[in-house]
Amino acid sequence: MLFTEIIKTNKDFTKAYKKGRFSANNLIAVYFIPNRRPYNRIGITTSKKIGNAVRRNRARRIIRAAYRNTEKHFPIGFDIIFVARTDIISVKSTDIERFIKQRVLREMNKPFKSNKRKTQ
């Protein structure tokens, strides 16, 4: 992965869940938040609802392959969290790539609202 590091701390995952925006379908949910760094960071989560370790690892491989193929389209400077859903086992990475290109990238290019309030 060219412009990417891995998110490993729970604090970073929680920040993206609580303060970030998201886009989702029946296969995957994607949370993203600007990180003010010159590179992207990704995290992938798969719950036990997906199945045993073999199925969870397959889901992670599918997500990683889809991200790798669309990485050059992502804007730089985001934390991106991919959350696998139960239907992901029956698809290929091209289905995830299509979702990323059609919905996620469009949402990421919209401006983020500032949390600062205007004072008078």
* To do: Please name all residue pairs, on different chains or six or more residues apart, with Cβ atoms under 9 Å, provided the first residue is in region 91-113 and is of a type in the set (S, T, N, Q) and the second residue is outside any helix (DSSP H, G or I).
  => ASN109/PRO75
* Test: ARG56 is part of a helix (DSSP H, G or I) and more than 14 Å from the chain's Cα centre (by Cα) -> yes
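Per-residue answers, yes or no, for (1) outside any strand (DSSP E or B); (2) surrounded by 13 or more Cβ atoms within 10 Å (Cβ to Cβ):
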{"position": "LYS48", "(1), (2)": "yes, no"}
{"position": "ALA66", "(1), (2)": "yes, yes"}
{"position": "ILE80", "(1), (2)": "no, yes"}
{"position": "ARG103", "(1), (2)": "yes, yes"}
* To do: All but one of (1) closer than 23 Å to THR4 by Cα; (2) modelled with pLDDT under 90; (3) of a type in the set (Val, Ile, Thr) hold for VAL83, so report the exception by its number.
  => (2)
* Asked: Just checking, which of TYR17, TYR31 is within 22 Å of ALA65 (Cα to Cα) and among the aromatic types (Phe, Trp, Tyr)?
  -> TYR31
* Structure fact -> Contact list, first residue from region 49-71 and over 26 Å from LEU105 (Cβ atoms), second anywhere and assigned to a helix (DSSP H, G or I), beta-carbon distance below 7 Å, six or more apart or interchain, is LYS49/THR86; GLY51/ILE89; ARG55/ILE89
* Considering every residue within region 20-39, establish whether at least one is over 10 Å from the mean Cα position of the chain (by Cα), on the phi > 0 side of the Ramachandran plot and surrounded by 12 or more Cβ atoms within 10 Å (Cβ to Cβ). => no
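The values are calculated or read from the model by the stated rules, or taken from the named source; none is laboratory data. Because the structure is predicted, anything quoted here is derived from the model rather than measured. Methodologically, a virtual Cβ is constructed for each residue, glycine included, from the backbone with ideal geometry; neighbour enumeration extends over all protein chains shown.
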